[in-house]
Every structure is written in structure tokens, then in C-alpha cells.
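What follows is a single structure, written as C-alpha cells, with notes after it.
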Amino acid sequence: MSSDLFAPLQAGRTRLPHRIVMGSMHLGFEDDPRGAPALAAFYAERAAGGAGLIVTGGISPNAAGALTSGGARLDSADQLPQHRTVTDAVHAANPEARIVLQLLHAGRYAAHGEPVGPSAVDSPISPAPVRALTAAEVEQTIEDFGRAAALAIEAGYDGVEVMGSEGYLINQFLAPATNRRDDAWGGSAEARRRFALEVVRRVRASIGPEPLLSYRISLADLVPGAQETHDIHALARGVVEAGADLLMSGIGWHESRVPTIATCVPRGQFAPLAADLAAAIDGAVPVIASNRLHTLADAERAIAATGVEGVMLARPFLADARLVQKWRAQADAPGGPRDESAPADSPVVTPCISCNQACLDRIFTGRPAGCVVNPRAGRELQLPIMPRAAQAQRILVVGAGPAGLETACLAAEAGHEVTLVDSSAEIGGQLAWAARIPGKEDYSLLLDSWRERLARGRVDVRLGRRFTAEDIAGVGADRVALAIGVRPRDPRIPVHPDAGPDVITYADVFAGAPVGGRVAIVGGGGIGVDVAQLLAERADEVHLLQRSAHKIGSRLGATTGWIHRAALRNGGVIGHTGVTYGAVGADGFSFTDRDGAERVLDVDTVVLCAGQEAADPVGALGEAIGAEALGAEVIGGARKAEGLDLERAIRDADAWVRTTLAA
């Protein structure tokens, strides 16, 4: 085997089969006992796919620490059956797999009636005022951690993880900004560490020496009034002395204004901090690096270059349940994984693109997590693994955007003979454009995976020529999927014959149309924001206009929208909201601003980013196919452009293959 990543790892008295940890992530099923079967199916599939150590989403040791009102907690034996459903499923799926329950007290991040913290310091991301814990409540909270840990072992977990990072209660005790106490639990750095150390000691005493005890430590708070690095290292030494077997890396608080997991963060950015911690504790226990270690090459580099003993990933396990199996096969392939592309004969990983759209964005708005690139994530019970077809059919897919690509790949993987056609010379449609936006370069990983899947599935790919209805009928397909995508919507802005600025669409920009030094972008939605970020690097002056009076980018993701808005500010993009569009004339682009004043922008280019509409939703091509071929069906954006995103395109493809080709 070519990779140290797959060497066993000893953590305390627990032997792990390799050094890849499936890190904690809240899925939204934990809060309802009826969600146990879904959780069990989710974790069991990852265990069967090779996960060696699984850390659950955070479970509170008491009611005060729950993330939401009625949120998940473990404080009664009555709750054990739902947890046994999960642990039994994991151990049955893979006897080598270990699963630990993460104990998380939300503290001032709790989104319910009375959040508590070390001090009465309100949170910018939680609505209610924070109450300071009394000394007696601090002691009781420590006892609650111990009680919950004992219950976790009784429920069949192989250990527990104490969440001490990401700005939750323990982290709040550690940071001067949120711990302003002057009693035994605050003041000096030593006193601020006391709560964390007492929790670890109490948990170890409650579970005994055998089960695994992990501590997730904040390596960089990334907020004002944060811990100093030497204090973090002193804490780590104390946590190990108190009984921790493993130190998991945590980076940043949820209120941090420094990106830590978004696509714009360089992969492997924070691994050196984990290496520094490992050196500070002199290798007393394994230290696990985290954040943006999404490919096999990333993980191997982290171990080889920094000396950490393992890597922790969370969202990549949403994207691909068989991640570990596939990485192991790639590492065993001749030549090994020395670049970002898997060897031609190795399994293809469905990559996490760090978009956060269906996972963190949903959790932070009170909805269950899913995955943009994996329709089955969190829905394993409703969407079983697709079987091979009993009888192969000839399938024609028209359009090589996301819906068409996923349709072609799924159909080929089910055993069908597939032809994929597109008038463009490259695959990807609008996703290929998105991958060119600054900070979204990792979207290209998904395009790479589709290319590999097409090759492995022996899909006949024909690009660069527009197929007529006769061409399509000539393929002789049993089934036809029309995934011809969307086109820019025309906002019907008058353009005078003597107009000075050029008027183009966002599609023209990506096709290479010339753009002047002064630009007005019409439409402040996701497409407009992307184009503004792109052109801010090229043009001298960029204006971004929208009809809505809301701030630009207000409908972007809850966890990443602020990053894009900051990029616009840093790029000097000038925003105009609440406007009424006028016309493009000899003097430039006219509009009425939110105060009712008539204005004209002296620009060279007007770029239309006012949404999208279905491209030839049926039209002549579709009607011809309907008359001449069996089972033609419109999917993806061509079926419905409104609300189209990458997730819906991929889900449409999955649904079409499951229903149409199973019939």
C-alpha cells in the first residue's frame, strides 16, 4: 500500500483501522427520536463504505445546552433505545468501525429562550440575551457532561468526543472575550481553562479507561478577544493529562468573519496549525488535522508534510458514502494518487465542492441537511442504492450540463448504453462557468468526476455540434432525456439605436465577449454577484444594480453569502438597490434610484444577469423528438427554470433514471 493514510492508528486503548476520521456534522435528524432510523441508515452506509471512526453530530448533556428548543440531548436512560438503533447499525455494517458521540453544549449559541454562557455576553448569531451561569450551575454542567458520557457508552457508542471548539460553551469559557468572570472559572488563562479540564476529567471518570475519549480543540478562534496560541497549547497538554486519547482540530467560531471551510479557502490551509499542536504536546496523543482536506492528495500531503497522525473530514462523507473505500483503491492503484485525478481504473469519488448550500445552510435555517451533489445523503431509506438494470436500453441524453451529465453517468452505471450530445465544445454548462468565478474553483472537481464516470461508463460523448431532430432520431434510442438547460432571461430593457454601451448577457461574458473598463451589471442575484466578482478583477469600475431594496446578495447562502458580499466590497463593486431600470442610450445606462432620482451610468458595457428561463422547453426540437422517438422527456432547467440550482439539476437526473429506466 502506497499511503500512510491507511496504516492503523492507536488512540488510547482503541485501535482504528486507518487515519481518516468522519468528523461531526449535525444532520437535523438528531432532534427527533423518530429520526433514529434515518440516522442509522446514514451512518451505517458510511461505515460500510470504509469509515473507521465516525463522530456524531453534537448532542447536549442537558436542556440548557441544546442547540434549539427541543434540540438533541442525552440526559435520560429513556433516550437510549434511539441511540442503540444507530450504534447497532454501524457495528453491523462494519465490525471494524467505531462510532463516538459528540457532547456539545451550545452555550450562548443556543437558539432558544434562555441561552447561558460563562458571562452575559450576547451572541451575534443567536436571538436571545445570554445569562451568565452561576458557580453552582457550572459545577452541575460538569456533572451533566459526565452523566451523558456514561449514557453514551451504555447506548453502545465506542467513546465520546467533547466539543471544545467552534465557539460553543467550552470554547466560550476559554476566550477572554466571552469569559469575563472573576471567580474560580475566569480571570487568568489558567482559570479560564479550568472548566474544559474539569469536563474532560469528569467524562473520563464516568466512562472508565477503555472507551475512546476525543477532545475537539480550537486551534484558532478567529474572533476578537480570542485565545493566544500558547494558551491553546497549554490547554492541549492539560486535556491530555486529564484523560483525552485524541485531539481533533477545530478552526474558527461560527461568528468568525474569516472563511474556514468555504470553497475560497485553500485546501489544507489549516493543517500546519495541527502540526504545531502535535509538536507542542510532544506527540503524547494523536492530533487530527481538519478543514478543506477534501481529496486523497490533500489528505496525504497533510500527513506527509506536517506530521499529523490523521485527517478529519465531514462534508466529503455527505458527498460520497464510499469515500474511504474509493480512496483506498486509488492509493493501491499503480502509481498511487500523486495528482488530483484518480487513475483511470480506480473508483470515482463524488467530490464535495464546499458550497454549503444543502448542508450547513440548511442546518443554520432549521432544516435537515442534504448534499447538492448526492441526492441520497440523508435519504438513504427513501432512495436505495440504484441496482443494475435487468435489461440494457439505448439511452440518448441531449445536453451536457449538470442534469444531462448526471443522467448519462447514472444510466451508464446502471448498465445502459448511453449517448450524450451537446452543441458546446465542453461539458458542464453553467457549472463550467461557475468554476471560473474567484473562490469557486473547486467546482471543477465535480466536472472532473463526471469526465471520469463518463469514461468508465463508456458513454459515447459527442460535443461541439448541434443535433437536429433528425440526428437525434437517427441514434435509435429507446429513451431520450432532454437536458438542454436554461438561457439568460431578457429583462426587456430598451436599447436605443444610438446606444453607447454594448449590451451583452452573462452567457456572452463566459463565452469571451469583450467587456469594457466600466461595467453595469443588471441583476443582483447569484448570477449577478458571480459576474461582478469575476469582472471586478478585470474592469476599472463595476456597478451592480437590482430592483429589490434588500441588500445585494441577501438570498445567497446563510453560511457563505457574507463571504461573497465581502468580496464585492473588497473588489470595489458599487451596489445600487431598489432601482427601476431605464434604458441603454447614447450617454450610458439610465435608471431611477431608490430615492426617485434619475441617474445615468457612463459605462462601456451593460451585462444582463436578470435571471434565466428554460432553453427551448419543448419547442420545435422537443416536438420533433416526441413524434419520432420513444419516451422523450424534459429534465433539469429545461423542465423548470425557476429556482434551478445544481442540487435540483442532479436530483432531477436521479429521479428520471430511477423512474423512467426502472419502468
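Of all residues in segment 69-94, those satisfying the criterion of being acidic (Asp, Glu) and within 27 Å of residue 113 (Cα to Cα) are 75, 78. Against the condition outside any loop (DSSP other than H, G, I, E, B), aliphatic (A, V, I, L, M) and closer than 24 Å to residue 479 by Cα, how does residue 383 come out, does it pass? Criteria not met by residue 383.
Looking only at residues of segment 355-386 that are among the charged types (D, E, K, R) and within 14 Å of the chain's Cα centre (by Cα), we find that the one that is surrounded by the most Cβ atoms within 10 Å (Cβ to Cβ) is 362.
Just to check your reading of the model, which residue among 490, 478, 498, 508 is over 31 Å from the mean Cα position of the chain (by Cα) and either free of Cβ contacts under 8 Å to residues at least 40 places away in the same chain or closer than 30 Å to residue 553 by Cα (or both)? Show your work before the answer.
Numbers: 478 fails: either free of Cβ contacts under 8 Å to residues at least 40 places away in the same chain or closer than 30 Å to residue 553 by Cα (or both); 498 fails: either free of Cβ contacts under 8 Å to residues at least 40 places away in the same chain or closer than 30 Å to residue 553 by Cα (or both); 508 fails: over 31 Å from the mean Cα position of the chain (by Cα).
Testing whether each residue is over 31 Å from the mean Cα position of the chain (by Cα) and either free of Cβ contacts under 8 Å to residues at least 40 places away in the same chain or closer than 30 Å to residue 553 by Cα (or both) leaves just 490.
For segment 208-219, enumerate the residues that are crowded, with 22+ Cβ neighbours inside 10 Å and of a type outside the set (Phe, Trp, Tyr).
At the first step, the residues of segment 208-219 found to be crowded, with 22+ Cβ neighbours inside 10 Å are 211-219.
Across segment 208-219, the qualifying residues are 211, 212, 213, 214, 216, 217, 218, 219.
Consider segment 148-194 and keep the residues that are under 31 Å from the mean Cα position of the chain (by Cα) and of a type in the set (Ser, Thr, Tyr). The one that is farthest from residue 207 (Cα to Cα) is 178. For segment 114-136, filtering for residues that are among the β-branched types (Val, Ile, Thr) and surrounded by fewer than 22 Cβ atoms within 10 Å (Cβ to Cβ) leaves 3.
Mind counting the residues in segment 23-51 that are within 20 Å of residue 82 (Cβ to Cβ) and either outside any loop (DSSP other than H, G, I, E, B) or outside the structural domain of residue 83 (by TED's automatic domain parsing) (or both)? Of the residues in that region, 15 qualify.
Among the candidates 203, 162, which residue alone is in a helix (DSSP H, G or I), closer than 24 Å to residue 100 by Cβ and in contact (Cβ under 8 Å) with a residue 24 or more places away in the chain?
Working: 162 fails: in a helix (DSSP H, G or I).
After ruling out the rest, the residue left standing is 203.
Of all residues in segment 536-564, count the ones that are under 23 Å from residue 594 (Cβ atoms) and either out of contact with any Leu (no Cβ under 9 Å at 6 or more places or on another chain) or modelled with pLDDT of 95 or more (or both). Before you say what the answer is, go through the steps one by one.
Step one: list which residues in segment 536-564 are under 23 Å from residue 594 (Cβ atoms), which gives 536, 541-556, 561-562, 564.
Now drop any that are not either out of contact with any Leu (no Cβ under 9 Å at 6 or more places or on another chain) or modelled with pLDDT of 95 or more (or both), which leaves 536, 541-551, 554-556, 561.
Result for segment 536-564: 16.
Applying the criterion of being charged (D, E, K, R) and more than 24 Å from the chain's Cα centre (by Cα) to the residues of segment 395-432, the residue that is nearest to residue 471 (Cα to Cα) is 422.
Residue 513 passes every criterion in (1) crowded, with 18+ Cβ neighbours inside 10 Å; (2) among the aliphatic types (A, V, I, L, M); (3) outside the structural domain of residue 646 (by TED's automatic domain parsing); (4) not in a strand (DSSP E or B) apart from (1).
Taken together, 53, 39, 16 contain a single residue that is modelled with pLDDT of 95 or more, over 18 Å from residue 331 (Cα atoms), among the aliphatic types (A, V, I, L, M) and in contact with a Phe, Trp or Tyr (Cβ under 7 Å, 6 or more places away or on another chain), which is 39.
Just to check your reading of the model, which residue among 572, 557 is touching a residue at least 24 places away in the same chain (Cβ under 8 Å), part of a loop (DSSP other than H, G, I, E, B) and under 15 Å from residue 521 (Cα atoms)? I'd like the intermediate steps shown before the answer.
Values: 557 fails: under 15 Å from residue 521 (Cα atoms).
Sole residue among the options that is touching a residue at least 24 places away in the same chain (Cβ under 8 Å), part of a loop (DSSP other than H, G, I, E, B) and under 15 Å from residue 521 (Cα atoms): 572.
Checked against the criterion of being farther than 24 Å from residue 661 by Cα, under 27 Å from the mean Cα position of the chain (by Cα) and buried (at least 23 other Cβ atoms within 10 Å of the Cβ), the candidates 529, 519 yield just one match: 529.
Table: residues versus (1) modelled with pLDDT of 95 or more; (2) in contact with a Leu (Cβ under 9 Å, 6 or more places away or on another chain).
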position	(1), (2)
580	yes, no
616	no, yes
634	no, yes
641	no, no
651	yes, no
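The set of residues from segment 459-495 being in contact with a Gly (Cβ under 9 Å, 6 or more places away or on another chain) and surrounded by fewer than 12 Cβ atoms within 10 Å (Cβ to Cβ) comprises just one member, 494. Here residue 409 fulfils each of the conditions (1) modelled with pLDDT of 95 or more; (2) on the phi > 0 side of the Ramachandran plot; (3) not hydroxyl-bearing (Ser, Thr, Tyr) apart from (2).
The values are calculated or read from the model by the stated rules, or taken from the named source; none is laboratory data. Keep in mind that what you see is a predicted model, and the values were worked out from it rather than measured. Neighbour counts run over all protein chains shown; Cβ positions are idealised from the backbone, glycine included.
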